[in-house]
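Asks: Shown below is the structure under consideration.
The values are calculated or read from the model by the stated rules, or taken from the named source; none is laboratory data. This one's a predicted model, so the numbers in the text were calculated from it and none came from an experiment. As a convention, Cβ positions derive from the backbone with ideal geometry for all residues, glycine included, and neighbour counts pool all protein chains shown.
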Amino acid sequence: MELRRVQLASPGSNLRMLERGSESNADHVFLDLEDSVAPNQKVESRATVVQALNEFDWSGKIACVRVNGIDTEWFYGDLVEVVEGAGKNLDTIMLPKANRPADVYMLDQLLTQIETHRGLEVGRIGIEAQIEMAEGMVNVNETAFASPRLRSLIFGPGDYSASVQARGLSIGASEKYPGHVWHYAIHRIVVAARAANVQVTDGPFADYQNLDGYRQSCEMALALGCDGKWAIHPDQIDVAIDVFSPSEADIAKARQIVVEYTEALESGKGAIVVDGDMVDAATLKMAEIVSAKADAAGL
């Protein structure tokens, strides 16, 4: 199981910030060529991203590059220059505004051509697709199955807010609403992702100095089934890791359930009681997920 408890955003135009990303304890760092890079810096930033991938140590984390959208003039150049220049050190490509399954399919085919041309292992580089437009949400079920390269779906609350004309000016913030304002959007992505057996990540929380608000946003994403959340500032990393890592108590109980229910099955029992809770086959699946996440995190 890959860890995506936290995905750190690092602007592709800033070599020092990319180096700090490689040195961080984030599970996943994406070197960004899209929103965090000004239009007049996009082309030259490709070389900076290639340099960072080739010179810095990315071991122990997922190294990802977010390219510009397929509807821009920069998409094909981003993909060709980055993958040809640093494909051996690249784990995934993040595709913003994945509105149709054909968008992911096209990226898959272009990656295959570049890998073949450069003698790279075909199919090793994964895809992470951002669902952040109304059209993307309508088509998310099909997009989740668009490519065997797909590793995760990501909710993009900023562009999604604009796309559906929702109230608010702070990305990821919970506006005046009786509950979690993005409950429907996130859970729809979660269901599509789980059906396709890929991971799910919640997007950014722009008020990076408000760590209590960020923690609450992480906890809501976890409750809805997400594997992790973006961090747009290093101070957010430890909060996300803490929230999306199973607690010691949960790990202990999950492992207890696995042991005791397995023993019960061997004795012909289909349901038992563990610490006052009824445990059956569905509970076992839940416990196995917690145990697997704990093992992946080395807990």
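Asks: I'd like to verify a number: residues in region 72-98 that are under 16 Å from Ser13 (Cα atoms) and in a loop (DSSP other than H, G, I, E, B), how many?
Replies: Looking only at that region, the number is 1.
Asks: Out of region 272-285, which residues are surrounded by 12 or more Cβ atoms within 10 Å (Cβ to Cβ) and not charged (D, E, K, R)? Spell out the reasoning first.
Replies: Of all residues in region 272-285, those surrounded by 12 or more Cβ atoms within 10 Å (Cβ to Cβ) come to 272, 274, 279-280, 283-284.
Hits for region 272-285 are Ile272, Val274, Val279, Thr283, Leu284.
Asks: While we're looking at this one, here's another question. Among the residues of region 127-148, write down those that are among the small types (Gly, Ala, Ser), part of a helix (DSSP H, G or I) and crowded, with 20+ Cβ neighbours inside 10 Å.
Replies: The one that is among the small types (Gly, Ala, Ser), part of a helix (DSSP H, G or I) and crowded, with 20+ Cβ neighbours inside 10 Å: Gly136.
Asks: Any residue at all in region 53-71 that's surrounded by 15 or more Cβ atoms within 10 Å (Cβ to Cβ) and part of a helix (DSSP H, G or I)?
Replies: yes
Asks: Now a separate question. Which ones in region 76-99 are over 11 Å from Ile114 (Cβ atoms) and among the hydroxyl-bearing types (Ser, Thr, Tyr)?
Replies: If the condition is that a residue be over 11 Å from Ile114 (Cβ atoms) and among the hydroxyl-bearing types (Ser, Thr, Tyr), then Thr92 is the only one that fits.
Asks: Any idea which of Ala254, Ala249, Ala287 is modelled with pLDDT under 95, in a helix (DSSP H, G or I) and in contact with a Ser or Thr (Cβ under 7 Å, 6 or more places away or on another chain)? I'd like the intermediate steps shown before the answer.
Replies: On the way: Ala249 fails: in contact with a Ser or Thr (Cβ under 7 Å, 6 or more places away or on another chain); Ala287 fails: in contact with a Ser or Thr (Cβ under 7 Å, 6 or more places away or on another chain).
Step by step, each of Ala254, Ala249, Ala287 is checked, and only Ala254 is modelled with pLDDT under 95, in a helix (DSSP H, G or I) and in contact with a Ser or Thr (Cβ under 7 Å, 6 or more places away or on another chain).
Asks: When only residues in region 1-37 that are modelled with pLDDT of 95 or more and small (Gly, Ala, Ser) count, which is nearest to Tyr76 (Cα to Cα)?
Replies: Gly12
Asks: Could you pull out the residue among Ala38, Ala26, Ala52 that is in contact (Cβ under 8 Å) with a residue 60 or more places away in the chain and either not assigned by TED's automatic domain parsing to the domain that holds Ala134 or not aromatic (Phe, Trp, Tyr) (or both)?
Replies: Step by step, each of Ala38, Ala26, Ala52 is checked, and only Ala26 is in contact (Cβ under 8 Å) with a residue 60 or more places away in the chain and either not assigned by TED's automatic domain parsing to the domain that holds Ala134 or not aromatic (Phe, Trp, Tyr) (or both).
Asks: Please work out which one of (1) touching a helix residue (DSSP H, G or I) at 6+ places or on another chain (Cβ under 7 Å); (2) under 22 Å from Asn99 (Cα atoms); (3) of a type outside the set (D, E, K, R); (4) not in a helix (DSSP H, G or I) is the condition Thr201 fails and give its number.
Replies: It fails just one condition, (1).
Asks: Moving on. Yes or no: Ser267 of a type in the set (Ser, Thr, Tyr), within 30 Å of Phe145 (Cα to Cα) and not assigned by TED's automatic domain parsing to the domain that holds Leu95?
Replies: Answer is no for this residue.
Asks: Among the residues of region 72-90, which ones are surrounded by fewer than 19 Cβ atoms within 10 Å (Cβ to Cβ) and either in contact with a strand residue (DSSP E or B) (Cβ under 7 Å, 6 or more places away or on another chain) or not assigned by TED's automatic domain parsing to the domain that holds Gly12 (or both)?
Replies: Within region 72-90, Asn89 is the sole residue that qualifies.
Asks: Can you go through Arg46, Arg124 and tell me which one is basic (Lys, Arg), over 17 Å from the mean Cα position of the chain (by Cα) and outside any helix (DSSP H, G or I)?
Replies: Arg124
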